[in-house]
Amino acid sequence: MQNAKEVSFFTHKTPGQMTGHPGIVALCVDEALCIDEGRQMGQSGGRHQRASGKGTSPLHRRRKGRGSRRSHLLYLTWRSVVAFIRRESIDRIVIILGILITISVVVISQVESISLVDSFWWSIVTLTTVGYGDISPATMIGRFIAMVNMFVGIGLLAALSAALASVLIERKRKEELGMSDCRFQDHVILCEWNHRAANIVQELRMDQGADPVQIALIAQCDRKPIDDPNLAFISGPVSDATLKRANLAEAKNVIILGNDQLDASIRDATVVLSTLTVESLNSHVYTIVELVDHANAITCYRANADEVIISSELSSMLISQAALNHGISKVISELLSVQTGNQLYKVPLPPVSAGHTFLEAFTHMKQQYQSTVVALQKGFEGEVISNPENDHIVDARDYLIVISHEAPQTLRPAV
């Protein structure tokens, strides 16, 4: 059973519920507004299409798009293989080997009076310098052909082996330098590399109940920062080109971190622009953004970021709560880490609790699964209600955010 966790550090608010101030991200605000207007026009056009019966569902469009992308990928792969064969002169090597084998088969079959099958077998064994000895030439012409096969075969096979080895070496070098493209699907794109990014990767890797999360890292590093087969490194800043190389079209989540080497306001502006770029290329991907200044959160939400985490406020609030309520930081750390203790899970509402009150659903989860419900989410990515009222009626489509030592065994964790 997959062990997926979702934790929201920042309560999602609409732009009208938040206050901001003009600053270095003012240009980003204007760009976000333009993107909002464009999306609204696109959504309006989509509604007209659906009304006329010409529209298609997002899932159908995504499947159709994946099919065309796979066909295009196969075409590009075939072109790459052909280009490599020509670049490394493998086609010439194969032609020379074919001519040499053909001449050897015909001549040896005639002068040694053996069948074409035995002659072909002898030619291959001799060219590869294996030399089983079951068939050996007795005539001078046959021995001369054998010597030619031995000397030429060694050189040709060495050239072929070197060409194939260069492919593996070049591929490894490109992966280390971040020059390769990512072919993951339903993966996480991580933008920027720092100590927080390293902790994020470590936490994702500690989730032993699920398959290893595939990660595409976009960062301005000289080499791949960690040796991880499930991490694809894309060298460069966050841009249209690097996001496409990270296969944003088929990504599930995008995490945008700030650059610690920049000033706080410039750092947030860069994050906002990265969010705009991501959402303009794929509006369906779930975007998690890290900011320093709370005032810039409104801009990220206007750019359609799904969650905004104010890292400075989060640590400050945790420290202040630890001062007021001793030991609370240990509880929070336990809930946020997958390494030990209880954890937070988002699971679908049990069918037996649909249409009942929150108190009844809370009691059912505690009695049946030893889990404590702390919040309710309206739909998979809807509004999150912390500690709902006892008489709140839960819907069959709602999700529960629970504290549990392990994922409730009969419920499928949200992914």
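The values are calculated or read from the model by the stated rules, or taken from the named source; none is laboratory data. Source: prediction; values computed, not measured. Positions of Cβ are backbone-derived with ideal geometry, glycine not excepted, and every protein chain shown enters the neighbour counts.
Just a few scattered comments:
- Residue identified as in the same structural domain as residue 242 (by TED's automatic domain parsing) and of a type in the set (Val, Ile, Thr) among 218, 135: 218
- Apart from one condition, residue 360 fits all of (1) over 25 Å from residue 206 (Cβ atoms); (2) among the acidic types (Asp, Glu); (3) touching a strand residue (DSSP E or B) at 6+ places or on another chain (Cβ under 7 Å); the exception is (3).
- Among the residues of region 337-364, those that are within 31 Å of the chain's Cα centre (by Cα) and loosely packed, with under 14 Cβ neighbours inside 10 Å comprise 339, 340, 341.
- The lone criterion from (1) charged (D, E, K, R); (2) under 28 Å from residue 93 (Cα atoms); (3) assigned by TED's automatic domain parsing to the domain that holds residue 274 left unmet by residue 112 is number (3).
- Taken together, the residues in region 369-408 that are modelled with pLDDT under 90 and either in contact with a helix residue (DSSP H, G or I) (Cβ under 6 Å, 6 or more places away or on another chain) or over 26 Å from residue 188 (Cβ atoms) (or both) amount to 3.
- Looking across region 225-245, the residues that are aliphatic (A, V, I, L, M) and surrounded by fewer than 17 Cβ atoms within 10 Å (Cβ to Cβ) come down to 226, 241.
- When every residue of region 200-219 is checked against the conditions, none turns out to be within 29 Å of residue 315 (Cα to Cα), part of a helix (DSSP H, G or I), in contact with a helix residue (DSSP H, G or I) (Cβ under 8 Å, 6 or more places away or on another chain) and not small (Gly, Ala, Ser).
Okay, residues lined up against (1) farther than 27 Å from residue 164 by Cβ; (2) free of Cβ contacts under 8 Å to residues at least 40 places away in the same chain:
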{"site": "81", "(1), (2)": "no, yes"}
{"site": "84", "(1), (2)": "no, no"}
{"site": "116", "(1), (2)": "yes, yes"}
{"site": "123", "(1), (2)": "no, yes"}
{"site": "132", "(1), (2)": "no, yes"}
{"site": "135", "(1), (2)": "yes, yes"}
{"site": "139", "(1), (2)": "yes, yes"}
{"site": "148", "(1), (2)": "no, no"}
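- Selection status of residue 299, closer than 15 Å to residue 256 by Cα, among the polar types (S, T, N, Q), buried (at least 16 other Cβ atoms within 10 Å of the Cβ) and free of Cβ contacts under 8 Å to residues at least 60 places away in the same chain: no
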